[in-house]
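Chemist: There's a structure below that I have some questions on.
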Amino acid sequence: LQSWTLAFENAGMDNDFDFNDVVLKVTPNTKNGKAEVKLLATGAQRKTEVYFKGRLLGEVHEKFGVSTDTFVNTTSNTATKKAVTLSSIEWPKNTTMEEQRMNFSLKVYNDDGTLDREFSMKDLLNDMKSPQALCVAGNWKWPKERINVYVAYPLIGKWGVNFNNPEFYNWYSQPKADAVVTLLEK
């Protein structure tokens, strides 16, 4: 089954453009109409909840069993914690990842527990200032903490300028050594 990696930046709150504030792996199964969602990493340092079509899938730190100021799977070359399976989501037979990714959203809270910001993948992808989310086919290696995606993946800028150029199609498979995190295998 084809898997996808969704990587979120924290949308204007301390942008370091490492795209590891929330990293999810989504694996659709069109035969059963569901998709498995796994939480791979969090570089967020505030309470951050993941939703799909308005349904809470979980708070990222709680799912990893750590406090809200803790980085998980973002500081070393290999993830140190196993991915956490979140609730499965509906995946209608004729839908695509392009459509479904827009239904993921995040809520980020202030230290006092009040909601700071709520945003969807659609909001982030449509931000014309700078992208705040990525959707990459396969098992993507996300940048380590505070390493800008442009540093971790030198070809992403060239691909962004001309995504029709086949020379840069596979920017996501050519990370800079020691700049990304590899998923902990089972």
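Chemist: Across the stretch 164-175, what is the number of residues that are surrounded by fewer than 17 Cβ atoms within 10 Å (Cβ to Cβ) and under 20 Å from PRO143 (Cβ atoms)?
Modeler: 4
Chemist: Among the residues of the stretch 65-85, how many are surrounded by fewer than 20 Cβ atoms within 10 Å (Cβ to Cβ) and without any contact (Cβ under 8 Å) to a residue 60 or more places away in the chain?
Modeler: Selection size over the stretch 65-85: 8.
Chemist: In the stretch 144-163, what residues are of a type outside the set (A, V, I, L, M, F, W, C) and surrounded by 12 or more Cβ atoms within 10 Å (Cβ to Cβ)?
Modeler: If the condition is that a residue be of a type outside the set (A, V, I, L, M, F, W, C) and surrounded by 12 or more Cβ atoms within 10 Å (Cβ to Cβ), then LYS144, GLU145, ARG146, ASN148, TYR150, TYR153, PRO154, GLY157, LYS158, GLY160 are the ones that fit.
Chemist: Of the residues LYS82, LYS122, LYS63, LYS144, which single one is more than 21 Å from ALA35 (Cα to Cα) and charged (D, E, K, R)?
Modeler: LYS144
Chemist: In this structure, does VAL22 turn out to be of a type in the set (Val, Ile, Thr), closer than 15 Å to PHE119 by Cβ and touching a strand residue (DSSP E or B) at 6+ places or on another chain (Cβ under 6 Å)?
Modeler: For VAL22, the condition - of a type in the set (Val, Ile, Thr), closer than 15 Å to PHE119 by Cβ and touching a strand residue (DSSP E or B) at 6+ places or on another chain (Cβ under 6 Å) - is met.
Chemist: Assuming ASP127 fulfils every condition listed in (1) outside any helix (DSSP H, G or I); (2) at pLDDT 95 or above; (3) not polar (S, T, N, Q) apart from one, which condition is it?
Modeler: (2)
Chemist: Next up: Could you tell me whether GLU98 is closer than 16 Å to SER3 by Cβ and acidic (Asp, Glu)?
Modeler: yes
Chemist: Right, another one. Any residue that is within 15 Å of the chain's Cα centre (by Cα) and hydroxyl-bearing (Ser, Thr, Tyr) - is there at least one of those in the stretch 16-28?
Modeler: yes
Chemist: Taking the condition of being in contact with an Asp or Glu (Cβ under 8 Å, 6 or more places away or on another chain), of a type outside the set (A, V, I, L, M, F, W, C) and either on the phi > 0 side of the Ramachandran plot or open to solvent by less than 30 Å² (accessible area, probe 1.4 Å) (or both), how many residues in the stretch 13-23 meet it?
Modeler: The total comes to 3.
Chemist: Counting just the residues of the stretch 24-60 that are touching an Asp or Glu at 6+ places or on another chain (Cβ under 8 Å) and free of Cβ contacts under 8 Å to residues at least 24 places away in the same chain, which one comes out surrounded by the fewest Cβ atoms within 10 Å (Cβ to Cβ)?
Modeler: The selected residue is LEU56.
Chemist: Quick check on my filter: what residues within the stretch 90-114 are surrounded by 19 or more Cβ atoms within 10 Å (Cβ to Cβ) and under 20 Å from PHE64 (Cβ atoms)?
Modeler: PHE104, SER105, LEU106, VAL108
The values are calculated or read from the model by the stated rules, or taken from the named source; none is laboratory data. Given the structure is predicted, the values throughout are model-derived calculations rather than measurements. No Cβ is skipped: glycine too gets one built from the backbone with ideal geometry, and neighbour counts run over all protein chains shown. SASA here: full protein model, heavy atoms, side chains in, ligands and nucleic acids out. Shrake-Rupley method; radii C 1.70, N 1.55, O 1.52, S 1.80 Å.
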